[in-house]
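Colleague: I'd like to ask you about the structure that follows.
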Amino acid sequence: MQRIAIIGAGNMGSTIARGFLSQDNILLTLANRSVQRLQKFENLIENSAMSGRLICTPDIADSVKGADIVILAVKPWAIEDVIGKIKPCLNKNAIIISVAAGIGLAQLEDMLGGKYSGIVYMIPNTAIQVNRGMSFAAETGLSAKNHETLAALFEPMTRLEFIDESKMGAVTALCSCGIAYVYKFIAAAAQAGVELGLPYNDAVDYFTATVAGAAAMIEHEDLTVQEHINAVTTPGGMTIRGINALERNGFPAAVIESIKQSLKK
């Protein structure tokens, strides 16, 4: 059994907690100052096999005692205070993971005052809530075995890629922000569907399935994105007229600029 502690029972902490509890080899402690949030989470898994492997507590410091992995799922402004409270109780062989946006490895090392068995700065994608999406992590001090352990832990919830910390801004703009741009694309396509006579909710449903299908084709077929486009674009057909309209109206440039603008302050 692996002992994992998660501090923070908000949307992200609760989502990760549910994903871990779905795995039989994990004992989980979920800590949060708000007892109401903890009660809400307990109610979600009440009467399930998961509940026997869960401890909920408002005692943040006590929650990390004996934990092999500690996940800090708190707001960036709260992380220094939380680390100050848990540091005396941390297992020196623990892996410490922070999902607090903008708090990099150097800051985490400085706050923690040691490398433990590794420190990880992770940016999960919100699609982790439905066991999909792309998440990224930068680390210091992890062994190859610990890399494998974390990859296996998160595999049921998200695709996890370890990258150099210098790339975290780029992947955040591309994927964490990018999911909102996909939503905008779906919303715009649905508006077009309404103009063509479809009910809005039906248009959203149909086009969402289309986007999911396109993504699955790219994931599972050994073709480039352009080859996929070519495969559905017949000479003189409907699709090429639509693609040319996208080009004329600046669709590629708008997408590129939106992702680049995400990194500008």
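Colleague: Just need the Rg to Rh number for the range 176-261, please, alpha carbons only, Kirkwood Rh. Could you put the intermediate results ahead of the total?
Modeller: Details: Rg = 13.9 Å, Rh = 14.4 Å.
Result: Rg/Rh = 0.97.
Colleague: So for the chain, what percent of the C-alpha to C-alpha distances run longer than 32 Å?
Modeller: Everything past 32 Å amounts to 35 percent.
Colleague: Enumerate the amide H contacts of residue 91 below 5 Å, restricted to partners 5 or more residues apart or on another chain; note that Pro and chain-start residues carry no placed amide H.
Modeller: Sorted by chain and number, the residues that satisfy this are 66, 67.
Colleague: Any idea what the alpha-carbon Rg over 2.2 N^0.38 Å comes to for the range 84-217?
Modeller: 1.36
Colleague: Something else: Restricting to DSSP H runs of at least four residues, report the calculated mean residue ellipticity at 222 nm for the chain, -39500 (n - 2.57) per run over all residues, nearest 500 deg cm²/dmol. List each step's numbers first, then the result.
Modeller: Numbers: 12 runs with 125 residues, N = 265.
Value at 222 nm, helices only, nearest 500: -14000 deg cm²/dmol.
Colleague: Sticking with this structure for a sec: Starting from the exponent 0.38 and prefactor 2.2 Å, build the expected Rg for the range 18-116 from its residue count and divide its actual Cα Rg by it.
Modeller: Working: Rg = 13.9 Å, N = 99, 2.2 N^0.38 = 12.6 Å.
Compared with the compact-globule rule of thumb, the range 18-116 sits at 1.10.
Colleague: Which entries in 85/265; 40/92; 85/145; 65/85; 92/167; 40/75 show an alpha-carbon gap greater than 21 Å? All intermediate terms of the calculation are to be shown ahead of the outcome.
Modeller: Values: 85/265 32 Å; 40/92 32 Å; 85/145 29 Å; 65/85 12 Å; 92/167 28 Å; 40/75 19 Å.
Violating the 21 Å Cα-Cα cut-off are 85/265; 40/92; 85/145; 92/167.
Colleague: A follow-up question, please. To the nearest 10 degrees, how steeply does helix 200-220 sit against the main Cα axis of the chain, on a 0 to 90 scale?
Modeller: Roughly 80 degrees between the two axes.
Colleague: With charges only on Cβ, +1 for K and R and -1 for D and E, what is the dipole size of the chain about its Cα centre, in debye, rounded to 20?
Modeller: Details: 22 positive and 25 negative charges, 142 e Å.
I would put it at about 680 debye.
Read-outs throughout are calculated quantities, based only on the coordinates presented, and are distinct from any laboratory measurement. This is a predicted model, so every value here is computed, not measured. Every residue, glycine as well, gets a Cβ built from its backbone with ideal geometry; the counts of neighbours run over all protein chains shown.
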